[in-house]
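The values are calculated or read from the model by the stated rules, or taken from the named source; none is laboratory data. Quantities reported herein were computed from a predicted structural model and do not represent experimental measurements. Glycine also receives a Cβ, built like all others from the backbone with ideal geometry; neighbour counts cover every protein chain displayed. With ligands, DNA and RNA removed, areas are computed over all heavy atoms of the protein, side chains included. Shrake-Rupley method; radii C 1.70, N 1.55, O 1.52, S 1.80 Å.
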Amino acid sequence: MTLAIVLAAGPAAGLTTDAGERLVDRIAGQWRRAGADEVRVAADLSELADLVAAATGPVLVSGADLVAHTAVLKHLATSPVGPTVALVLTDPPAAGQATVREERGQVVAVNDPEGATGVFGGALRVGQGDLPALAAAARTAAGGGVDRLFADLAGCGTLTFAHRVRLLVAHRVGDAAELAAAQAAVAAVDEDKAELKLSVKERDDFFTTFFVSTWSPYVTKAAARIGLGPTAVTMISVAFAVAAAVLFGVGGRLALVAGGVLLYLGFVLDCVDGQLARYTRHFSAWGGWLDTMADRAKEYVVYAGLGYGATHAGFRYGWALAIAAMTLQTVRHMTDTWYGALHDEAARRPRAATGDAGGIGGKLNAASTKVQADTGSVSYWLKRTVVFPIGERWALMAVAAALFGPLVALCAVLVWGVLAFAYTGGLRTLRARWMRVPVLTTVDTGLHRDDGPLARTLPAARQPLALAVLGALGAAALLVVALRVVHAGGDLRGWVVPVGLLVLLGGALGARAAHDGPLDWLVPAALRAGEYLFAIAVGVAGRVSPWLIFGYVFVLTLHHYDLTARLEKRQAAPPLHAATLGWEGRSALLTIGSIAGIASIALATLGTYLLVVFVASVVLAWVVLPARVRGGDRSPG
């Protein structure tokens, strides 16, 4: 149940609109239309504290001086960025209004004399977990207004995200003249048209901005009119990608061109599902998780189609290229996820001011910030494109496959992917060394390392990153040896694979060490690379069919993307995570299969087992357990 509270304090409380409605009553009615289940008016912060103490769900708080489109309040109330969100405006602050400094969408300081990026908009949504802090802040700030309340809430250390107003109108007013001007500004904007434009991300990549978002809002509007939800659009997008993969596998000029067109349309729909969620304000944890998982699954299915198509066209190593592309992209995504978490943690703990720029890392950070602020410039678009984002990847695959065939498409993806990985990896490493902020210490390290029982029993050793990298290099060396021996017609059974496993297991020695080094955010990616390369090496050594190796690694990526998606959505571990055996347990089982000469059976059996566990975990997490919770809520107390 969502409670909205209007604080009727200050001079604006007595203002009336042109229609003779009190401003307090006007914003109370807007909160109702924005989706609040109950709306109350509090005369002061003491009364507000009592209301918050009795609340059983999120609380929406606003002053009486806010004049805005109802959509602004609705967007704030339904914002998916975090549990506690504050409205932030670009208006110059009036006397007594709190200023805000934000970074990466987070409010990192309130009333900071060092500088501000906006002014508090007089409204915020507070998540249920932060209600005790809100009640305490209200009692501490008794006698003050909504700005003092917000400043004291931030002073409690509450993580607050910033919600900016774009295209719509929101102003805080202090007298009749300001009220009249704000009402005129609100009336001058078509709310529905603005909401449709707002469904498009404010900052997106080059291809998406100029070749998709120019017309995808029309598809979004049509989908909303016929009642399609974001999940339905996601599934249609998956169908388009699968059809494109099949056509790439079939080959022939007509099929390749048709596959390229379907891949492009599938990407358009991939953008539309998010736009539709923002336009209709239908957000859910399930939808966010499904979108993340579907994006990766679609892309890797297309890699499979291209790999099969290249092999079918006579290239011996088509599947090998597909496996390499999938492995590279997954490891890249792991570094993206953890660098984003690192950057967010650094924003919450800003560095103390120093007399220099912080060395090369600090200079790179300042340069990156400057380029990002120069929206639309050549340097801005180059920076966003060189990292090879999803829009550019899908566009490259569609065009290259249609014009030159699957082999060229896969090679192009690999070459650009490697260059992008080297570029982002190098710059992020330098910037992370300058930030010197640990991030794995803030989460369940064992969960996101994907450790199993074996890793938890091995002796602890320092330098977890060095150990993880050493394990990955050992797996890479084993793969090189396997490729050379098999290519020469030899047999790689015996001691080589077990030795490779021992080197790989070196990464497990750091499981119980503190992951507080400036570069330890790279540990999960290094462990993923080590496990994937080892599994591929076992498959190559056992002369396993390439498509089976691809399938096994694909299942592993689903498991690992499930973990990162839950990290991004701040969710708990999957229900059956313990049954996945850990990266070291799975690698040990594959080694046994290799020694026994049944590598194909081992990969197929373990892959099938992991897929069953993944599907069962998804059903438990999103169907069974929520149903039990709802049943418990309805049961008599």
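Values as computed for the structure displayed
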| item | result |
| --- | --- |
| Phi to ³J(HN,Hα) by Karplus 6.51 cos²θ - 1.76 cosθ + 1.60 over the stretch 526-536, Hz, x for Gly, Pro | 5, 5, 4, 4, x, 5, 5, 5, 5, 4, 5 |
| Label point distance in nm, Leu159-Ala222, each placed 7 Å from Cα along Cα→Cβ | 4.0 |
| Whole-Å distance, taken between Cα centres, linking the stretch 239-267 and the stretch 405-483 | 32 |
| Accessible solvent surface per residue of the chain, calculated while the other protein chains remain in place, 1.4 angstrom probe, Å² | 43 |
| Beta bridges by DSSP in the chain, antiparallel share as percent, to the nearest 5 | 60 |
| Above-threshold pairs, the threshold being 32 Å between Cα atoms, out of Lys74/Lys383; Lys201/Lys363; Lys201/Lys298; Lys74/Lys363; Lys74/Lys569; Lys221/Lys363 | Lys74/Lys383; Lys74/Lys363; Lys221/Lys363 |
| For the chain, calculated [θ]222 nm from helices alone, where every DSSP H run of n ≥ 4 adds -39500 (n - 2.57) | -20500 deg cm²/dmol |
| Whether the stretch 57-112 is rounded, prolate or oblate, judged on the alpha carbon gyration tensor where a/c under 1.5 counts as rounded | oblate |
| Shape category assigned to the stretch 31-163 from the gyration tensor of Cα positions, a/c cut at 1.5 | rounded |
| Extension gain, Gln463 back to Lys197 (0.36 nm per residue minus Cα-Cα distance, nm) | 90.9 nm |
| Packing rank of 447-454, 107-114, where each peptide gets the mean count of other beta carbons within 10 Å, highest leading | 447-454, 107-114 |
| 15 Å reach of a label modelled at Tyr423, 7 Å along Cα-to-Cβ, counting backbone N of the stretch 247-287 | none |
| Two-site FRET efficiency, Phe206 against Ala239, from Cβ-Cβ distance with R₀ of 25 Å, rounded to 0.05 | 0.40 |
| Probe 1.4 Å - accessible area at Glu38, Å² to nearest ten | 60 |
| Protection proxy ranking, peptides 419-427, 23-31, average beta carbon neighbours within 10 Å, highest first | 23-31, 419-427 |
| Phi to ³J(HN,Hα) by Karplus 6.51 cos²θ - 1.76 cosθ + 1.60 over the stretch 2-11, Hz, x for Gly, Pro | 9, 9, 10, 10, 9, 8, 8, 10, x, x |
| Selection of chymotrypsin sites (Phe, Trp or Tyr not before Pro), the stretch 479-569, meeting DSSP coil and at most 12 other Cβ within 10 Å | Trp495 |
| Distance between modelled label sites at Leu611 and Ala596, nm, 7 Å Cα→Cβ extension | 2.0 |
| Mean-position separation - Cα centroids, the stretch 127-161 and the stretch 67-86, in angstrom | 17 |
| Shape call, the stretch 1-63: gyration tensor on alpha carbons, a/c limit 1.5 | oblate |
| For volume of the Cα convex hull per residue in Å³, calculated from these coordinates, the label among (1) 350; (2) 174; (3) 147 | (2) |
| Size of charge dipole - the chain - debye, nearest 20, with Cβ of Lys, Arg +1 and Asp, Glu -1, no other charges | 1600 |
| Ranking by accessible area, most exposed first, for Met293, Met1, Met235 with a 1.4 Å probe | Met1, Met235, Met293 |
| Residues Val443 and Val81, FRET efficiency given R0 of 22 Å [Cβ-Cβ distance, rounded to 0.05] | 0.75 |
| Size of electric dipole in the stretch 438-503: Cβ of Lys, Arg +1 and of Asp, Glu -1, about Cα centre, debye, nearest 20 | 140 |
| Among Gly157, Phe240, Ala95 the positive-end extreme of the charge dipole of the chain (Cβ point charges) | Phe240 |
| For Gly121, distant residues with modelled amide H under 5 Å away | Leu87, Val88, Leu89 |
| Nitroxide proxy distance, nm - points 7 Å out along Cα→Cβ at Ala477 and Ser284 | 5.0 |
| Computed lengthening from His487 to Ala366, 0.36 nm per intervening residue step minus Cα-Cα distance | 38.6 nm |
| Heavy atoms of Asp291 accessible to a 1.4 Å probe, total area in Å² rounded to 10 | 50 |
| Listed peptides 567-577, 212-222, 268-278 by packing density, highest first (mean Cβ within 10 Å) | 268-278, 212-222, 567-577 |
| The chain: angle of helix 599-619 to the longest principal axis, Cα-based, in degrees nearest 10 | 20 |
| Förster-model FRET efficiency, 51 Å R0, Cys411 and Asp44, C-beta, rounded to 0.05 | 0.15 |
| Ala109 long-range amide H proximity, modeled H, under 5 Å | Arg101 |
